[in-house]
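The values are calculated or read from the model by the stated rules, or taken from the named source; none is laboratory data. Here the structure is a predicted model, which means the values were calculated and not measured. Every residue, glycine as well, gets a Cβ built from its backbone with ideal geometry; the counts of neighbours run over all protein chains shown. The protein model used for the area step is the full one, side chains on, heavy atoms only, and it has no ligands, DNA or RNA in it. Shrake-Rupley method; radii C 1.70, N 1.55, O 1.52, S 1.80 Å.
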Amino acid sequence: MARTLSNWEYRQLVSEGQHLMGKHLDKVFEIRPDLFRLDFSTNESLMLHLGVCFYLTRDPPAAPMNPTAMAMTIRKYAGGKRLASFEQYKSDRIYIITLGSGHRLLVEQFVNGNLFLLDENNKIIRPYHFKPDSKHTFMVGGKYEYPPSASFNFPPTVEDWKEQAKDRGAATLPIFLSKWPIGKRYTDELLARLEMTGKKVGEVSEAEAEKLLQAIAATLANPQPRVYERKKENKPADATIPAPAVVHELSLVPLSEYENPASGFSVHPFSSFSQAVEYFFAHYKEEAKDAEPPQLKGLRHRLKKQEAALQKLELEIVEKAAETQQLETYLVHLEARRFELLAGAKPKEGMEEIDKDRKKWKI
């Protein structure tokens, strides 16, 4: 399955869509389930692939002959209206397209997300998927309730680092940096460049932290969209037929793993991330993998689940570090006091009670 986009990648796409402000929304089409095409008066289309991506294009897929109910409803309330804003809700993967009439298209881009047409008071005119999940209930005519969402500085500041680093010295840097969803491929790249791979938060000096944060800010400010393709080797049986390239990775910045010519990857730079996203998702196909025995496949599945559980446990350990340390301190004091009482010290009046018959010590 093709990968989804990170928070930073969506932010870049939203920024590229700002030039549509004031332009009219001409037509809306549902190309296929979960894929919508919004045509603007600039001869550009905003493609919305729910839970996967969105991007701008001048070469959209053909529109179906008959519009769906969702497309017709959006046209009725928002068709012909000017685009007033296109923005992200807090730091979540929720994006709001507001038209001049006050009507809004709210796009949830997380897994199993949804598309809502809202009025100017955030009341639901129509959802795309009517079936609510266990964490998100709604009804037509009811007010859309935003899920709990965190807000944070992007990129993080030195103060953010210090605040989040409290009692989290044992956390590995990739897990710690996931607080700011830049994207694992990008944080891994930066850590490798700065020779900080494998370090834990407690091992990072203040100067190193500042250097890392400066590198993150510089990377976020200088996107260089590209797609990497791998040339597949010919098999002996059909050596005369060139093997097709395999679209392998989409990136906002150069990734050292693929930039080296000796890596076997070709680099396709693009002037916008929308163009890179469009190319990637139009050409991406999972590389065929050699068949493996069912037993090995089962073991691999179990290993993946155990790795996920281990990562979750590591996070819990880091989060409970302060409480654990406090508990250990109390235990040290209790042990010292127990030895004092065994040595003949008198119980503190009103604070301790000793029942020698039952061998109980109450505090």
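So what does T4 come to for accessible area, using a 1.4 Å probe and Å² rounded to 10?
Only protein atoms counted, so the area is about 50 Å².
Size of the dipole of region 1-53 about the Cα centre, Lys and Arg at +1 and Asp and Glu at -1 on the beta carbon, nothing else charged, in debye to 20?
Dipole about the Cα centre, nearest 20: 80 debye.
Considering all alpha-carbon pairs of region 40-145, what whole percent are spaced by more than 18 angstrom?
51 percent
What is the spin-label model distance, in nm, from Y89 to K131 if the labels are put 7 Å beyond Cα along the C-beta direction?
Calculated label separation equals 2.2 nm.
Taking the dipole about the Cα centre of the chain, with the C-beta of Lys and Arg at +1 and of Asp and Glu at -1, give me whichever of Y55, L190, T73 is farthest to the positive side.
T73
With a 1.4 Å probe and all protein chains left in place, how much accessible area per residue does region 66-222 have, in Å²?
Per-residue accessible area for region 66-222 comes out at 51 Å².
Treat every Asp and Glu Cβ in the chain as -1 and every Lys and Arg Cβ as +1, leave all other atoms uncharged, and give the resulting dipole magnitude about the Cα centre to the nearest 20 debye.
On the way: 52 positive and 50 negative charges, 206 e Å.
With only Lys, Arg, Asp and Glu charged at Cβ, the dipole is about 1000 debye.
Could you sort W180, W361 by their accessible area in this structure, using a 1.4 Å probe and putting the largest first?
Putting W180, W361 in descending order of accessible area: W361, W180.
Just from the alpha-carbon atoms, what are the Rg and Dmax of the chain in angstroms?
27.6, 95
Efficiency by 1/(1 + (r/R0)^6): what FRET value for S272 and E323, r their Cβ-Cβ distance, R0 = 45 Å, to the nearest 0.05?
0.40
Which entries of K312/K360; K179/K304; K166/K348; K231/K297; K199/K305 show an alpha-carbon separation above 32 angstrom in the structure shown?
Going by Cα-Cα distance, K312/K360; K166/K348 fall outside the 32 Å limit.
To the nearest 10 Å², what's K166's accessible area with a 1.4 Å probe?
About 120 Å², rounded to the nearest 10.
For region 19-69, what D do you get in µm² per second when you plug the Kirkwood radius from alpha-carbon pairs into Stokes-Einstein at 20 °C and 1.002 mPa s?
Rounded, D is 190 µm²/s.
Collect residues whose amide H, placed 1.01 Å from N in the peptide plane, falls under 5 Å from the amide H of E249; neighbours closer than 5 in sequence don't count.
The list, which skips near neighbours in sequence, is Y228.
Can you find, among G298, S6, F152, the residue farthest towards the positive end of the dipole of the chain? Put +1 on the C-beta of Lys and Arg, -1 on that of Asp and Glu.
It is G298.
Multiply the residue separation of T157 and E349 by 0.36 nm, subtract the distance between their alpha-carbon atoms, and state the gained length in nm to one decimal.
Length gained, T157 through E349: 64.0 nm.
Which percent of the accessible area of the chain is formed by carbon and sulfur heavy atoms (probe 1.4 angstrom)?
Carbon-and-sulfur percentage of accessible area, whole number: 53.
For the pair K81/D188, report the inter-label distance in nm, with labels modelled 7 Å from Cα in the Cβ direction.
A separation of 4.2 nm, rounded to one decimal place.
How much length is gained on full extension from S41 to R300, taking 0.36 nm per residue of separation minus their Cα-Cα distance?
Taking 0.36 nm per residue and subtracting the Cα distance, the gain is 88.2 nm.
Just to confirm a number: summing +1 for Lys and Arg and -1 for Asp and Glu over residues other than S274 whose beta-carbon lies under 12 angstrom from that of S274, what do you get? Please list the in-between numbers first.
Numbers: positive: R58; negative: E9, E16, E44, D59, E278.
Counting the neighbours of S274, the net charge comes to -4.
What translational diffusion coefficient, to the nearest whole µm²/s, does region 86-201 have by Stokes-Einstein, given a Kirkwood radius computed over alpha-carbon pairs, a temperature of 4 °C and 1.567 mPa s viscosity?
For the chosen part, D equals 77 µm²/s.
Starting from the 7 Å offset along Cα-to-Cβ, what nm value, one decimal, do you get for the label separation of V111 and D26?
3.8 nm
What does the charge count near S256 come to, summing +1 for each Lys or Arg and -1 for each Asp or Glu among other residues with Cβ under 13 Å from its Cβ?
Residues close to S256 contribute a combined charge of -3.
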